[in-house]
Amino acid sequence: MGLFDMSGGGNMGFASVKNTMNYTNEDLLEKLSAVNVSFGTPVMGDIKGTQAVMYKNVTDKFDVFVRINKKDVIMGKIGSDGVSSAETALNMGLDMFLGHKDEGTSLADRAVDELLGIIKKLENGEAVTESAQVASVNTADGNELALFMKQKAISIKPKFDIFDQNETVVYHVEGDITRLNFSIQKGGAEVLKLKKKLVAVMPEYTILQGGKEAAKIKKKFKLAKPELSGTVNGQELKIAGDLLGYDFDIQVGGVPIGHVDTARTIWSDCYRIHILDESKQDMVIALAIICDNVSDQEHN
């Protein structure tokens, strides 16, 4: 993505796609009404007199909109009814100052990205019944799971825990004195082993399962925001979003399996790790730990 590319994606909160199908706003409403998403149901509305398809009250501060703008379909977040533009701008400015987003902003930005994925498929002439986010949820009750990890845990001490919302320990992570080898344990048994290669020009990480390599991740050389590349069980790994701002999706083989953001309603200085697929939960935890380590090195 170029420096001034405003096509969106990556939790920017705004996106634009060429309207190759010549949709009208009425067409968009009809199409989107038939698509199951994670953030609401579309209605026809307007933004200061300009017609737009709206998803109302995606969070307590934001609506999400999509509309035709000349030859493009544009979408983004906007202050909800009852929330002034000044208050919305103040909150966004505070997020930038703190270096991370509040939970509502993160959720709204993710909704815009989810909507972007649908619009791209519609513009390609594909039939869509549900978003990739909804289709990816594979849990016992059909809802995302959430676990919590204190920020910079891997850099502070060689032992730490990962909790559920009731502060019950779900994972115990234990490292050696070098902080290069970590055992990820669940129920007292090791489920994955994490190894960091120190001699590499760019840090490299290997995840072992049952003694066999399950994933390999490497930090790319970037002057601006860091990026990670690698494979998980032979499939491409992609970290989409803001790694340094603790607001990013974890995708394997083009499918989202988890999301990491900052939670301040549970404990202070805490990551929330969203699990979309219970069968890949252990791997999401390991990848979140790696991202935490890379982010901490960048901040330092």
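The values are calculated or read from the model by the stated rules, or taken from the named source; none is laboratory data. Source: prediction; values computed, not measured. Note: ideal-geometry Cβ built from the backbone for every residue, glycine included; neighbour counts use all protein chains shown.
Looking at the stretch 165-249, the strands (runs of 3 or more DSSP E) lying wholly inside it that each contain 2 or more residues that are under 21 Å from the mean Cα position of the chain (by Cα) and within 19 Å of Ile275 (Cα to Cα) sit at 227-232, 235-242. Here Lys186 qualifies as surrounded by 14 or more Cβ atoms within 10 Å (Cβ to Cβ) and modelled with pLDDT of 95 or more.
Can we say Glu167 is on the phi > 0 side of the Ramachandran plot and of a type in the set (Asp, Glu)? Taking the combined requirement at face value, the residue satisfies it. For Ser155, the conditions (1) at pLDDT 90 or above; (2) more than 20 Å from Glu144 (Cβ to Cβ); (3) of a type in the set (Ser, Thr, Tyr) all hold with the exception of (1).
For the stretch 114-134, the set of residues classified as β-branched (Val, Ile, Thr) and touching a strand residue (DSSP E or B) at 6+ places or on another chain (Cβ under 7 Å) consists of Ile119, Thr129, Val134, listed by residue number. Restricting the stretch 4-24 to residues that are more than 15 Å from Arg67 (Cβ to Cβ) and more than 21 Å from the chain's Cα centre (by Cα) leaves a set whose member that is modelled with the highest pLDDT is Thr20.
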